[in-house]
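Worksheet: the structure to be examined is printed underneath.
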Amino acid sequence: MDCPAPLSHIAFIMDGNGRWAQKRGLPREHGHKAGAETFRRIVNYCGDIGIKYVTVYAFSTENWKRPKREVDAIFDLLCRYIDNYLPELVMRGVSVKFIGERSGISKDVIKKIDLLEEKTDGLDKKLFIALNYGGRAEICGAVNRLIAEGKTKINEDDISSCIYTYPAPDPDLIVRTGGEYRISNFMLWQAAYSELYITDTLWPDMTPSDVDLALEEFKRRNRRYGGV
Ligand code: IPE
Ligand code: IPE
Ligand code: MG
C-alpha cells in the first residue's frame, strides 16, 4: 500500500528477537541476526511506499545489562550491517543518523557509524537508528545544552530544538513488535501524540504486510491532539 497522507514518520520498537530464537531452540544471538535482516527489509519497504522518516530502536541505554556475549553480537551485527547495506542506502537515497549517546560505544563501532552518516549525508529520506538511546538521557542532554548556552528559563520549543531528531517531525506512528505494552524509554519527548500500534508478531517475523496492517489501523485512528 502507499504511505497514508498524514504519515511522514514511522518508528519501530524492534522487540522479540530473543524469543524468536528461543522458540527455535537457538541462542539469542541468532534472533538478532534474523532481526537485522528484517530491519533491512522493513526499512526498504517503508522507503518504497514513500515514508520520508523512519526510526528504529536498535539498542537502549538499559540493554547494557545483557550478557556481554549478546551485547558484543549486537554490535558485531551492526558493523556488518553497515558494510553490507551502505551502497544500497546510498542508491535508495536514505540518509542515516544515529541517535543516542556515543560514549560507551567502542571506537571501531563509532568509526563505522561516522562513515555511514558521512556517506549518506544530505540524502532525501531519513533513517534514525537509536543506538545506546534513552529518552530520559536525551531530554537531560537537551536541558544541559540549554543551560550551557546560558538559558535560565526554557520552553517546549527550546527542548524540541535540542533533541536528537531535530528538525524531523515527531513520529506519527510507533509500532512495537513482541507484544509488550510499554514504551521502554523510547522517544519520550517525541511520542507525546504519536499513535501506538502493538503487535504480538516477533520482530524477525515482521513483514511488509504487517506494516500495511499497522498503516491501515493508523488510517482509522482519530488524532485529536487534545481537541474535540
Ligand atoms: C529486541 O529484541 C532487540 C534488542 C533489545 C537489542 P530482544 O532481544 O529484546 O528480544 P526479546 O524481547 O528478549 O524476545
Ligand atoms: C526495547 O526492548 C529496546 C529495543 C527494542 C532496542 P527491550 O527488550 O529492551 O525492552 P523491555 O526490557 O522489554 O522493556
Ligand atoms: Mg525485548
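Any read-out appearing in this document is the output of simple, stated calculations on the displayed coordinates, not a laboratory observation. None of the values given here were measured: they were computed from a predicted structure. Please note: Cβ atoms are built from the backbone with ideal geometry, for glycine as well, and neighbour counts cover all protein chains shown.
Quote the relative contact order of the chain in percent (integer), defining contacts as alpha-carbon pairs under 8 Å separated by 6+ residues.
29 percent
Report, as a whole number in µm² per second, the diffusion coefficient that Stokes-Einstein gives for segment 9-220 at 20 °C and 1.002 mPa s using the Kirkwood radius over alpha carbon pairs.
It diffuses with D of about 121 µm²/s by this estimate.
Calculate the dipole size of the chain relative to its Cα centre from +1 charges on Lys and Arg beta carbons and -1 charges on Asp and Glu beta carbons; express the result in debye to the nearest 20.
Taking the Cα centre of the chain as origin, the dipole is about 460 debye.
Under the classification rounded if a/c is under 1.5, otherwise prolate if a/b is larger than b/c and oblate if not, where does segment 161-206 fall, given a ≥ b ≥ c as square roots of the Cα gyration tensor eigenvalues?
Prolate shape, in that a/c is at least 1.5 and a/b is the bigger ratio.
What is the set of long-range amide H partners of ILE49 at a cut-off below 5 Å, with H atoms built 1.01 Å from backbone N?
When sequence neighbours closer than 5 places are left aside, there are no close amide H contacts.
Report, by chain and number, residues whose modeled amide H sits under 5 Å from the one on PHE128, excluding near sequence neighbours (fewer than 5 apart, same chain).
The list, which skips near neighbours in sequence, is VAL54, THR55, VAL56, LYS97.
Report the charge-dipole magnitude of segment 32-118 in Debye, nearest 20, computed about the Cα centre from +1 at each Lys and Arg Cβ and -1 at each Asp and Glu Cβ.
It works out to roughly 160 debye.
Going by average Cβ density within 10 Å per residue, which order do the peptides 39-51, 19-31 take, highest to lowest?
Highest-to-lowest ranking by the protection proxy: 39-51, 19-31.
Near LYS107, which aspartates and glutamates are there with a Cα under 14 Å away, not counting those fewer than 8 places off in the same chain?
Partners within reach: ASP72, ASP76.
Can you give the calculated 222 nm mean residue ellipticity of the chain, where each DSSP H run of n ≥ 4 adds -39,500 (n - 2.57) and the sum is split over every residue, rounded to the nearest 500 deg cm²/dmol?
Theoretical 222 nm ellipticity from helices: -14000 deg cm²/dmol.
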